[in-house]
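Encoded as structure tokens, the structure appears first; notes follow it.
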Amino acid sequence: MEVLKNEPVVSCVPHVFISRKNASAGTASITTSLAVIDSMIESGWWVSVKKHGGFEEDAIREVSERIHKDPWRYHLKCSEYGVMPLNVAETELLEKARKQVKNCAFALQAYMDSFIRGTHLANAKSIKKIALEEKFMYEQLRDFFRRAK
């Protein structure tokens, strides 16, 4: 764990260990969602999409910030790294964030597929499967975004 905290050394560490470090308990969808939401805010789309979709992002934002501060706590095997697992309140907040992601994933993925190309975020796949649970809504919003470009 200490080796992976040292950024200059990370480039020398085999990819399998880097992915284990980042393979948290299904949290990629949360951090990716926040990155897309922030992009939508910058481009002026989020307020309208949030209002018309009835989406919330408070838990997504809070959990994502916590994950970035201490990713080890959100890892499936956190105890193997000598880190205490999430307490009840943190687990409830994590579940709330997951529900918020599930509610807005189709809109976020539609935005990604329409506006975010050629960036590292464009390659993110963590919300695609969730988004396609609402395939019709995803396709409608994606087509809307593409026409609006």
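The values are calculated or read from the model by the stated rules, or taken from the named source; none is laboratory data. What you see is a predicted model; the values in this text were computed from it and never measured. Cβ: placed from backbone, ideal geometry, glycine included. Neighbour counts: every protein chain shown.
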Within the stretch 100-129, track down each residue that is at pLDDT 95 or above and farther than 15 Å from Ile37 by Cα.
none
Does Ala148 fit the bill of being closer than 16 Å to Asp38 by Cα and either of a type in the set (Gly, Ala, Ser) or free of Cβ contacts under 8 Å to residues at least 60 places away in the same chain (or both)?
no
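Return the residue satisfying two criteria in turn: it lies in the stretch 34-58 and is part of a helix (DSSP H, G or I) and in contact with a Phe, Trp or Tyr (Cβ under 8 Å, 6 or more places away or on another chain), and of such residues it is surrounded by the fewest Cβ atoms within 10 Å (Cβ to Cβ). Talk me through it step by step, then tell me what you get.
First pass over the stretch 34-58, keeping only residues part of a helix (DSSP H, G or I): 34-43, 46-53, 58.
Restricting the remaining residues to those that are in contact with a Phe, Trp or Tyr (Cβ under 8 Å, 6 or more places away or on another chain) gives 36-37, 39-40, 43, 49.
Values: Val36: 25, Ile37: 24, Ser39: 18, Met40: 23, Ser43: 11, Val49: 19.
By that ranking, first place goes to Ser43.
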Going through Asp70, Asp38, Asp58 one at a time, which residue ends up being without any contact (Cβ under 8 Å) to a residue 60 or more places away in the chain and within 18 Å of Asp113 (Cβ to Cβ)?
Asp38
Which pairs turn up if I take residues in the stretch 80-100 that are over 17 Å from Thr31 (Cβ atoms) and look for partners that are part of a helix (DSSP H, G or I) and of a type in the set (Phe, Trp, Tyr) with beta carbon separation below 8 Å, at least 6 apart in sequence or on another chain?
Tyr81/Trp72; Val83/Trp72
If a residue must be under 30 Å from Phe136 (Cβ atoms), aliphatic (A, V, I, L, M) and out of contact with any Ser or Thr (no Cβ under 6 Å at 6 or more places or on another chain), how many such residues does the stretch 76-108 contain?
4
Aliphatic (A, V, I, L, M) and closer than 21 Å to Lys50 by Cβ - does that describe any residue in the stretch 137-146?
yes
